[in-house]
Amino acid sequence: LPPHPTNRAPAAHRGASALRPEHTLAAYALAIEHGADAIEPDLVMTRDGVLVARHENALSDSTDVAARPQFAARRTRKQVDGIWVEDWFTEDFTLAELKTLRAVERLPALRSTDWDGRFEVPTFDEVIALVAAESAKRGRDIGLVPETKHPTYFAGLGLAMEPPLLDALAGH
């Protein structure tokens, strides 16, 4: 991470995304190792109402879903917050199904793909647990700044994000 004017590392949005596939526990852990003051996970919902860390609910740019023949029929076209997108979407997968996918580099023309396929899609609970463990290990508070993506869209599907977000925070 670049130096911060306060001599402290900035918040790590997506983790150390230039060095590991973004929104993975490995990317968050590396950002913390590099001195990040906080982790900023983007959150979307699964079909079964679990918050997971992904930049968007569309999966093809950040996972290997396109290479999974068992999920080929789930590619669809949806209007998400007024924009038509054709892809695979987190809300069409259960958490168990998402856990079979592996993260890939979202910007392969700009960043290394050496880490593709090594990490799974983390839940928000797993991100919270990582931040808590790293805070204890390092003897310093590491912040957590969750960002819900497309909350109105998810609410329209009956997957309101606020209750599970607040429950996860309260549970930790």
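The values are calculated or read from the model by the stated rules, or taken from the named source; none is laboratory data. Just so we're clear, the structure is a prediction, and the values are computed from it rather than from any experiment. Because the Cβ atoms are built from the backbone with ideal geometry, glycine has one as well, and the counts that use them run over all protein chains shown. Calculation scope for accessible area: heavy atoms of the full protein, side chains included, ligands and nucleic acids excluded. Shrake-Rupley method; radii C 1.70, N 1.55, O 1.52, S 1.80 Å.
Quick notes on this structure:
- Working note: 222 nm ellipticity from helices only, DSSP H runs with n ≥ 4, each -39,500 (n - 2.57), summed and divided by the residues of the chain, gives -7000 deg cm²/dmol to the nearest 500.
- In the chain, the portion of solvent-accessible area held by carbon and sulfur atoms comes to 54 percent [1.4 Å probe, whole percent, DNA, RNA and ligands not counted].
- Here LYS149 is the anchor, and the lysines within straight C-alpha reach of less than 17 Å, apart from those fewer than 8 places off in the same chain, are LYS78.
- Quarter of the Cα convex hull surface for region 81-172, i.e. its orientation-mean projected area (nm²): 8.3 nm²
- Grouping the Cα pair distances of region 43-109 into 5 Å bins from zero gives a pair-distance distribution of 3, 17, 30, 28, 17, 4, 0 percent in increasing distance order.
- Charges were assigned to the Cβ only: +1 to each Lys and Arg, -1 to each Asp and Glu. The resulting dipole of the chain about its Cα centre is roughly 280 debye.
- For region 39-172, the solvent-accessible area of protein heavy atoms averages 49 Å² per residue (probe radius 1.4 Å; ligands and nucleic acids excluded).
- As a length-normalised measure over Cα pairs under 8 Å and 6 or more apart, the relative contact order of the chain settles at 26 percent.
- Based on alpha carbons, the Rg and Dmax found for the chain are 16.0, 50 Å.
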